[in-house]
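The block underneath contains the structure these notes are about, expressed in structure tokens.
We did not get these values from a lab; they are worked out from the coordinates using the rules stated. Note that the coordinates shown come from a computational prediction; the quantities given were computed from them, not determined experimentally. Quick reminder, even Gly has a Cβ in these numbers, built from the backbone with ideal geometry, and neighbours come from all protein chains shown.
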Amino acid sequence: MKFNAFFILLIAASFTACKQNTLHLSKIEGKQIAVTDSIAIHAEFDSIIAPYRKSLNQDMNAVLSYAPETYTKNDGEYNTAIGNLMADIVYSQGNIVFNKRTNKNIDAVILNHGGIRSIISKGNITTETAFQVMPFENSIVVVALKGQQLDSMADYLRHAKRAHPISGMELELDRDFNITKTLVKGENIIKDKIYYLATNDYLYDGGDRMRFFKPNDSVYHLNYKIRNAMIDYFKKNDTINPKIDNRFIQTK
């Protein structure tokens, strides 16, 4: 009898559990809470953060170089002073690392116009300037390509009609956008010769539809951020003087 009573009680409890109502979400309410200066600073947290904030501000505000003019990526049609500066920095600073590792030299550089995210204002250049111009974590990659792939790159630039930064190259278009001159280090491209083209990892992976990097003979990841290359360059040059030149032009 005791066993039967327990069994009946267990069945009744199970039946009751099955009868419980299922809850359904019927409405969500919320409100926007603006983060403004009116929100009080938490003194204890702020005291912990303060030393790090002070150190970070000192590092970011450190003066590295000087800009005699303001430079923007919109100051030229096919090449700009700031774009030329960035490409030349990758060319010179990147080659220091590349040559040390491989005993080879970078022949040319291509970056992307959209990768320039801020102007360089006239006046002091600080560490923060480099972070503003290049906020991304992109690193320098050197790709070994044959001459015909550099021809493909020139064709890409011809169709893009944008001031994608280049260095070590000269590209000239006629009024109908036909290529009339392509030089690397002042010489005509040799189809079967291996050239070492520097870019960043985003473009190497096909960003901005730059698909001429693959296939390739070899690739070298320098683990050297473009932003760090800029900072190193600024530290070595107390005044920058980038110019719009003839590296990529269209004849009229």
Using the Cα atoms as the points, what is the convex hull volume per residue of the range 204-247 in Å³? 146 Å³
Using Cβ contacts closer than 10 Å as the measure, can you line up Thr127, Thr22, Thr251 from fewest to most? Thr22, Thr251, Thr127
Within a Cβ distance under 12 Å of Asp217, other residues only, what is the Lys/Arg minus Asp/Glu net charge? +3
Roughly how many nanometres apart are two label points built 7 Å out from the Cα toward the Cβ at Thr36 and Phe136? 3.6 nm
Taking the convex hull of Cα positions in the range 59-245, its mean projected area over all directions (nm²): 10.1 nm²
Got a sec to turn the phi values of the range 113-125 into Karplus ³J(HN,Hα) couplings, 6.51 cos²θ - 1.76 cosθ + 1.60 with θ = phi - 60°, whole Hz, x for Gly and Pro? 4, x, x, 8, 9, 7, 7, 10, 7, 4, x, 5, 9
Please state the relative contact order of the range 59-245 as a whole percent: Cα pairs under 8 Å, 6+ residues apart? 36 percent
Would you mind checking Lys193/Lys214; Lys100/Lys214; Lys181/Lys225; Lys161/Lys236 for any pair whose Cα atoms are more than 23 angstrom apart? Lys100/Lys214; Lys181/Lys225; Lys161/Lys236
I need the phi-derived Karplus couplings for the range 138-150: 6.51 cos²θ - 1.76 cosθ + 1.60, θ = phi - 60°, integer Hz, Gly and Pro marked x. 5, 10, 7, 10, 10, 10, 8, 10, 7, x, 5, 6, 5
